[in-house]
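**Student:** Can you read through this structure? Questions will come right after.
No value in this document is a laboratory result; all are computed from the given coordinates. This one's a predicted model, so the numbers in the text were calculated from it and none came from an experiment. In this analysis, Cβ positions are derived from the backbone assuming ideal geometry, glycine residues included, and neighbour counts consider all displayed protein chains.
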Ligand code: XLS
Ligand code: NI
Ligand code: NI
């Protein structure tokens, strides 16, 4: 039985279409810079928001109407829901999905029971993957919902919480491997603190470093070669999260010698909460070879929390795609819609509107970014702006052949620096508007 009988496979109809259930920009086989849109964007649907989000908020009860749910937390209901999820993704034309262990299968009375529940649902996921060709972008473990993780998981003051988290990640990594997942994500849901009065930062960070090494060891043991990703976020649920932004994560990874295996999963709304733009976070990670994947969503600049809205802003998606193209694309990563429909958008069809809009916004961003790059004006401007480094004293410094002494001698002789040139910000902002 179909869960979405009123929806057929979403088709590309072109920019003139007024059909809200058609793509106007996402034409999966269209080739841009030598790759199809499908290969560039690698869209992924998240299980937790799209199939487990119920509209609950701190002030009110669930609102979502999901006729396929039987109202229980049974494995049977979970298996049925998994089939619905695949019908949705198939009709949408999304090539990937992502999940936490506890979104796809109910937590049991014991760890062993939770493992068994997960295995039962994974069998269905595997069958559906084979039936549809949809793949797992990444798996992860929920180490933040259960009260046992109230003080954190790998950074808990309670060593047993670390052990439980290890057992959970071990299993989640194994099922990710079994399902052919391309990456494994660590978002440190409660890896942080509420007050420093009760916190030993050094010890907590050392433990998190050890935890990641154990994860690498286990992946080697089971032959899982997927990419490991850390997802930066500055606050919520804890006041301060250790993985607060790209810079903090890279510092952690370098400090604990983890950069070889780990990359970053960068989320727009988390960048905003950290006081950065998404473009900044992507550029900063890309410049250091640490770009892995993105969680595509957007926040609300009026609100200071992770509202996880679907991205519709073309400036944002164009900036994201400019960065992704600049650093050679996502490779094993993807554009993962870590986004949820609003509580008031409670009908199943809203899930389609939301994803179609997000996919179209990214496809359009990709076309805009490619056009900007093709014309090359922006790129040339940046190149020219740094031309003093291409020869003379600049080239000498870059090649490591200068010293404070040689530079003092140079400046004593020259007297004053070559005149500065305008940064032309307004002109460049207008240039971007030509493409949008
Ligand atoms: C929460 C995070 C979470 C991760 C996966 O804010 O974005 O959804 O992506 O654990
Ligand atoms: Ni996320
Ligand atoms: Ni988030």
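**Student:** Between residue 374 and residue 135, what's the calculated FRET efficiency when r is the beta-carbon distance and R0 is 30 Å? Round to 0.05. Display every interim value, and only then the final one.
**Tutor:** Values: r = 30 Å, r/R0 = 1.02.
Calculated value: 0.50.
**Student:** Still on this structure, I have one more. Which angle from 0 to 90°, rounded to the nearest 10, does the C-alpha axis of helix 75-92 make with the longest principal axis of the chain?
**Tutor:** 50
**Student:** Take every Cα pair under 8 Å in the chain that's 6+ residues apart, average their separations, divide by the length, and report that relative contact order as a whole percent. Before the final figure, lay out each step's value.
**Tutor:** Values: 696 pairs, mean separation 68.3, N = 436.
So the answer I get is 16 percent.
**Student:** Ok, one more. Quick one: if the Förster radius is 30 Å, what FRET efficiency do residue 404 and residue 424 give, using the C-beta to C-beta distance and rounding to 0.05?
**Tutor:** On the way: r = 32 Å, r/R0 = 1.07.
Calculated value: 0.40.
**Student:** Now a separate question. Specify the inter-centroid distance of the range 177-238 and the range 289-364, based on alpha-carbon positions, in whole Å.
**Tutor:** 23
**Student:** What ranking do 307, 36 get, fewest neighbouring Cβ atoms within 10 angstrom at the top? Kindly include the intermediate steps, with their values, before the conclusion.
**Tutor:** Working: 307 16, 36 13.
Fewest-to-most ranking of 307, 36: 36, 307.
**Student:** Modelled label-to-label distance, residue 36 and residue 74, 7 Å Cα→beta-carbon offset: nm?
**Tutor:** 4.0
**Student:** Here is a follow-up. Round to a whole angstrom and tell me the spacing of the C-alpha centers of the range 120-173 and the range 1-47.
**Tutor:** Comparing the Cα centres of the range 120-173 and the range 1-47, I get a distance of 30 Å.
**Student:** Pairing the Cα long axis of helix 278-287 with the longest principal axis of the chain, what angle in degrees results, from 0 to 90 and rounded to the nearest 10?
**Tutor:** Between the helix axis and the principal axis of the chain, the angle is about 70 degrees.
**Student:** Obtain the nm distance between the two label points defined at residue 347 and residue 287 by a simple spin-label model: each point lies 7 Å from its Cα along the Cα-to-C-beta direction.
**Tutor:** Each label point is offset 7 Å from its Cα along the Cβ direction, giving 4.8 nm.
**Student:** Among 193, 327, 410, which comes first, then next, by fewest other beta-carbon atoms within 10 Å? Working shown, then result.
**Tutor:** Working: 193 20, 327 17, 410 13.
By the 10 Å Cβ count, ascending: 410, 327, 193.
**Student:** Moving on. Within a 10 angstrom radius of the beta carbon, how do 379, 79 rank from fewest other beta carbons to most? Working shown, then result.
**Tutor:** On the way: 379 14, 79 18.
With the sparsest Cβ surroundings first, the list reads 379, 79.
**Student:** Given Cα positions, please report Rg to Rh for the chain, the hydrodynamic radius being the Kirkwood one. Don't jump to the answer; show the numbers that get you there.
**Tutor:** Details: Rg = 23.7 Å, Rh = 23.5 Å.
Rg/Rh for the chain comes to 1.01.
**Student:** While we're here: Contour minus end-to-end for residue 195 and residue 313, with contour as 0.36 nm per residue of separation and end-to-end as the Cα-Cα distance? Don't skip to the end; give the middle numbers.
**Tutor:** On the way: separation 118, 0.36 × 118 = 42.48 nm, distance 3.64 nm.
Length gained between residue 195 and residue 313: 38.8 nm.
**Student:** Let me ask something additional. What percent does the relative contact order of the range 166-232 come to when contacts are Cα pairs within less than 8 Å and at least six residues apart?
**Tutor:** Working: 36 pairs, mean separation 40.8, N = 67.
Reported relative contact order: 61 percent.
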